[in-house]
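The values are calculated or read from the model by the stated rules, or taken from the named source; none is laboratory data. Computed from a predicted structure; not experimentally measured. When we count neighbours, we look across all protein chains shown, and the Cβ atoms used for this are built from the backbone with ideal geometry, even at glycine.
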Amino acid sequence: MIDKQKFYKILNQVTRQPRLQESPDVNLYQSHILDDLKTVQLIYAFNNQLGLDISANDYDEKLWQTPSKILNQLEILSQK
C-alpha cells in the first residue's frame, strides 16, 4: 500500500503545486502542471522515495492524468 501523504509530498515537490491533495481529479497535463520532463522526474522520485520499480513501459498518460489515477496506478504497480 502506498502512503498517501508521502505520495502527495512527492507530487507536490515535483510539480511545485502545494495543494494537489485538495484536487485529486485535476487533469495534470491539461492544466500544464505536468509535462514530459516532470513526468520523468516524478517516476524517478516515486522509484527512489517509495521503493518502486516503475519503468517507461508502466507509464500510460491516460492512467496518469490525475493525482487519483496516478495513486491508483502506483497501488497496482506496488503489488507486482
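Annotations for the structure displayed:
- Residues (among the charged types (D, E, K, R) and in a helix (DSSP H, G or I)) located in segment 51-75: Asp58, Glu61, Lys62, Lys69, Glu75
- Candidate set: segment 35-52, residues that are of a type outside the set (Gly, Ala, Ser) and touching a residue at least 24 places away in the same chain (Cβ under 8 Å); chosen: the one farthest from Arg19 (Cα to Cα): Leu52
- Residue within segment 61-69 that is crowded, with 17+ Cβ neighbours inside 10 Å and among the basic types (Lys, Arg) present: yes
- Test: residue in segment 39-49 that is over 12 Å from the mean Cα position of the chain (by Cα), at pLDDT below 95 and in a helix (DSSP H, G or I): no
- Taking segment 1-22 as the range and being surrounded by 14 or more Cβ atoms within 10 Å (Cβ to Cβ), in a loop (DSSP other than H, G, I, E, B) and not polar (S, T, N, Q) as the test, only Ile2 passes.
- Hey, Asp25 out of contact with any Cys (no Cβ under 6 Å at 6 or more places or on another chain), at pLDDT below 95 and loosely packed, with under 13 Cβ neighbours inside 10 Å or not: no
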